[in-house]
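In what follows, a structure is listed as structure tokens, so that the remarks can point back to it.
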Amino acid sequence: MSSPLLEWFGRGGPGGAVPPGFGNPVPASWPDEGVAAHYGDPAREQRSLDTGAGFVDRSNRGVVTVTGPDRLSWLHSLTSQHLEKLQPGDSAQALILDPNGHVEHHLTLTDDGTTAWIHTEPGRAESLAAFLDSMRFMMRVEVADVTLDYAVISLRGPDRGDLAAGAEGIAVGVTTDRSSVLDLILPRERLAVTAEDLVRRGAAAAGIWAFEALRIAAHEPRLGVDTDQRTIPHEVGWIDTAVHLNKGCYRGQETVARVHNLGHPPRRLVFLNLDGSVDRLPGHGDPVELDGAVVGTTGSAARHYELGPIALALVKRTVPVDATVLAGGIAAAQEVIVRPDAGANVKVTLRKRTIV
């Protein structure tokens, strides 16, 4: 699905005048087909998102709604997050795990008092809605994939609140220790009008390259890019943002509890400062090597306007945190995101068969 904003900026907006500083939009490639990679100056676009206020077209994301009086208690029982007391206007991140605790879906959601609004990775709304629908049983809920009718625009930067105050749409705001993004879920037919209004009020339009570079710098993993089919929440730090450790049972909880209390995840997410003298970035899936042995896999990579080339990678837990590694053949220094000793709040000494 191609965003109308590609055409809107390409022809200079409804009035035919290209907003200052804009070039023609360059379409993004996997995993963000359908939206703009950038509008001519990715570094400037990053700076605007980081120091002022801007918006990013993320209309390629999937949107799912859940209605009905049982929606929050039902979602609470299916996901890793405590949702049954979510207040109207509050937002959260949540995971849906498989029976073995591997991450299947990462959700960003809010509730407006009558509807739970969820947005998720491109191409995943259909399977998410199908899973949710299969779990309804006798609960008073209705699930709908509304991706064709609704889209996501993300506001970022210190002044994002001022922009949001005058914008239409359902606001979904999730703040972490390192970043804050305010997403707007709005009718897809209103994308161009909303973008025009945001530009008129001083917002900078930024492509997905800028958004992704800031996401990587904030140590935020992305499902399907920085994860694989074996990923468990502890490995990528979602245990801190998308998992509630004191709630009732849900699918995959046994793995979460076992790792948290008794063990360590086999892999850990790391931030990589890449050698800036190399004129390329590692590709998604490129091996991470240490002393000639493959110890992990590269996920996201980008050029940050201040930090230079950066990346996220999943490596074996036992890789020394101060070791210089090669990501796709490029030298990289690690920065710890997930500690090697993550989990194991209760240490088991097998030799003595006692719990310390």
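Every number in this text was worked out from the coordinates using simple rules, so none of it is lab data. Given the structure is predicted, the values throughout are model-derived calculations rather than measurements. Neighbour counts are summed over all protein chains in view; Cβ atoms, including those assigned to glycine, are modelled from backbone coordinates with ideal geometry.
Quick notes
- Residue-normalised convex hull volume from the C-alpha trace of the range 221-271: 88 Å³ per residue.
- Applying 1/(1 + (r/R0)^6) with r as the Cβ-Cβ distance of Asn246 and Asn100 and R0 = 22 angstrom yields a FRET efficiency of 0.50.
- Around Arg201: net Lys/Arg minus Asp/Glu count, Cβ-Cβ under 11 Å: -3
- Likely footprinting exposure, Glu335, Glu196, fewest C-beta neighbours within 10 Å first: Glu335, Glu196
- Taking the average, over residues, of other Cβ atoms within 10 Å as the packing measure, peptides 70-83, 92-105, 239-252 rank 70-83, 92-105, 239-252 from highest down.
- Using only side-chain charges placed at the Cβ, +1 for Lys and Arg and -1 for Asp and Glu, the dipole size of the chain relative to its Cα centre rounds to 1100 debye.
- If R0 is taken as 41 Å, the Cβ-Cβ distance between Asp291 and Arg258 corresponds to a FRET efficiency of 0.85.
- All other residues whose Cβ lies under 13 angstrom from that of Trp117 are scored, Lys and Arg at +1 and Asp and Glu at -1, for a net of -4.
- For a label point 7 Å along the Cα-to-beta-carbon line of Arg339, residues of the range 249-267 with backbone N under 20 Å: 256-267
- Protection proxy ranking, peptides 177-187, 226-236, 53-63, average beta carbon neighbours within 10 Å, highest first: 53-63, 226-236, 177-187
- The alpha-carbon atoms of the range 266-337 define a convex hull whose volume equals 78 cubic angstrom per residue.
- Computed about its Cα centre, the charge dipole of the range 266-337 is approximately 300 debye, with only Lys, Arg, Asp and Glu carrying charge at their Cβ.
- Per-residue [θ]222 nm for the chain (sum of -39500 (n - 2.57) over DSSP H runs n ≥ 4, rounded to 500): -6000 deg cm²/dmol
- With a Förster radius of 30 Å applied to the C-beta separation of Leu148 and Asp90, the computed FRET efficiency comes to 0.65.
- Percent of Cα pairs exceeding the 36 Å cut-off, where the set is the chain: 23 percent
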